[in-house]
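Accompanying notes for the structure given below.
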Protein chains: 2
Amino acid sequence: MQKSDGMCKGELTRQRIIAEAAPIFNQRGFAGCSMQDVMEATGLEKGGLYRHFSSKEELAAEAFRYSLERATKLRMEHLDRTHGSLEQLHSFIKRFVETTSTVPGGCPLMNTAIDSDDGNPTLRDLAREGFGNWRARLCRIVEEGMQRGEIRKKTNPRSVANTIIATLEGALMMSRLDGKKAPLKDARAALDGMLDGIAAH
Amino acid sequence: MQKSDGMCKGELTRQRIIAEAAPIFNQRGFAGCSMQDVMEATGLEKGGLYRHFSSKEELAAEAFRYSLERATKLRMEHLDRTHGSLEQLHSFIKRFVETTSTVPGGCPLMNTAIDSDDGNPTLRDLAREGFGNWRARLCRIVEEGMQRGEIRKKTNPRSVANTIIATLEGALMMSRLDGKKAPLKDARAALDGMLDGIAAH
């Protein structure tokens, strides 16, 4: 959380609550994180908390946005468009496998997707939007590679994007469960192989 | 739930509670399913419920075993060992993509993994064991294929097994979130391609 000169005290408190609630929601899920937990983490009374957030739903949505923004920054900001498309995709996969989200608890997108697919519609819509943006970004990289003749013409960008996301997310889930890197490393090798297969030779 | 002549009334009630609690735990997660929810679903009083299960943890573990057994049966029982290894793997992937778990809420393994990776250690151990068994089964199929000369000698069975599981689970998560089959279909195409790549020509 960056302190801005123009930010009033109320806004700073609101940002602090979001930053401190984000790892709790990300680790325990919506049902597993109570407003009591957030009160304990922030040291605020109930009245102080509800002055900033009208409901747990509102706070959970802000906490999700906070976690997702950090995850996206970590995964995407290093991508340099001056490099080739395949290089960008390999680099994206490498980064996902080697770095850990700055908000504890694993990928906020996957956590929220699993948590909300039979539940909270606001969180579900936010997770859908997050995956949609991610897929669109990867699709664009593939399309650019096709236009430049770097990637085969008959490639389906959506299919490549979906497979990269699905494989990495599934492997992250397995790696976190086992406390071992092997599933993520195996995923990287498989996806690197898939990218070799769509390269225009 | 099958009614057995040898099963006493108490055991039947216990089995009924597990069967009715399983979809609630699978859809809402451990924190999102209360004993009150189970009482409402089963029509039992608190005393009736606690006569059969000493704690929510115990019931959740039994509900997970119930859901996992059904998912495993659906995914694995059709595999015919008289067929080739690659055919078995393709068939396993096809089945996963085309069928839906009989217990509502998606894959109990992935749900429990995400739900418990920062939480309940009993459920986490059960999920680890479940993934371990699944991986071992797929590894054996790959190893048999290598022994028969059907799959390339330098193949890493664990890597193939991990990638199949990660890709399918990640794609299931995305498909359930969007309500669309595309991520699962894309995963199948990608995995079928990966299997073509390990075939000994």
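Bear in mind that the values in this text are calculations on the coordinates, not laboratory data. Just so you know, these numbers come straight off a predicted model, no measurement behind them. Every residue, glycine as well, gets a Cβ built from its backbone with ideal geometry; the counts of neighbours run over all protein chains shown.
Hey, got the dipole for the range A:112-201? About the Cα centre, +1 on K and R Cβ, -1 on D and E Cβ, debye to the nearest 20?
340
Enter the Cα centre distance for the pair the range A:99-146 and the range B:119-136, rounded to the nearest angstrom.
Their Cα centres are 25 Å away from one another.
Please list B:27-38, A:150-161 highest first by mean number of surrounding beta-carbon atoms within 10 Å per residue.
Going by the mean number of other Cβ atoms within 10 Å, highest first, we get B:27-38, A:150-161.
Counting only other residues whose beta carbon sits under 13 Å from that of A:G48, what net charge do I get with K and R as +1, D and E as -1?
Counting the neighbours of A:G48, the net charge comes to +2.
Just to confirm a number: summing +1 for Lys and Arg and -1 for Asp and Glu over residues other than B:G84 whose beta-carbon lies under 13 angstrom from that of B:G84, what do you get?
With Lys, Arg at +1 and Asp, Glu at -1, the net is -2.
What is the sum of charges, Lys and Arg at +1 and Asp and Glu at -1, for the other residues whose Cβ falls under 15 Å from the Cβ of A:D192?
For residues surrounding A:D192, the net value is 0.
On a 0 to 90° scale, report how tilted helix B:182-198 is relative to the longest principal axis of chain B, with both axes built from alpha carbons and the result rounded to the nearest 10.
40
Starting from the exponent 0.38 and prefactor 2.2 Å, build the expected Rg for the range B:85-137 from its residue count and divide its actual Cα Rg by it.
1.32
Name the residue, out of A:S175, A:S116, A:S67, whose mean-square fluctuation peaks in a Gaussian network model built on chain A with Cα pairs under 10 Å.
Most flexible of the set in this elastic network: A:S175.
Shortest first and in nm with one decimal, please list how far the B:R16 label point sits from its counterparts in the other copies (point 7 Å along Cα→Cβ).
Going from nearest to farthest copy, the values are 5.4 nm.
Have a look at B:A41, B:I24, B:S55 and report the one farthest towards the positive end of the charge dipole of the range B:24-79, computed about the Cα centre with Cβ charges (Lys/Arg +1, Asp/Glu -1).
Towards the positive end, the residue furthest out is B:I24.
Farthest toward the dipole's positive end in the range A:85-154, which of A:N133, A:S91, A:S116, given Cβ charges of +1 (Lys, Arg) and -1 (Asp, Glu) about the Cα centre?
Among A:N133, A:S91, A:S116, the one farthest towards the positive end of the dipole of the range A:85-154 is A:S91.
Using only the alpha-carbon atoms, what does chain B span along each of its principal axes? Please give whole angstrom values in decreasing order.
In descending order, the Cα extents are 64, 40, 28 Å.
About the Cα centre of chain A, how large is the charge dipole given +1 on each Lys and Arg Cβ and -1 on each Asp and Glu Cβ? Please answer in debye to the nearest 20.
That gives a dipole near 400 debye.
Report the charge-dipole magnitude of the protein assembly as shown in Debye, nearest 20, computed about the Cα centre from +1 at each Lys and Arg Cβ and -1 at each Asp and Glu Cβ.
Dipole magnitude for the protein assembly as shown comes out near 760 debye.
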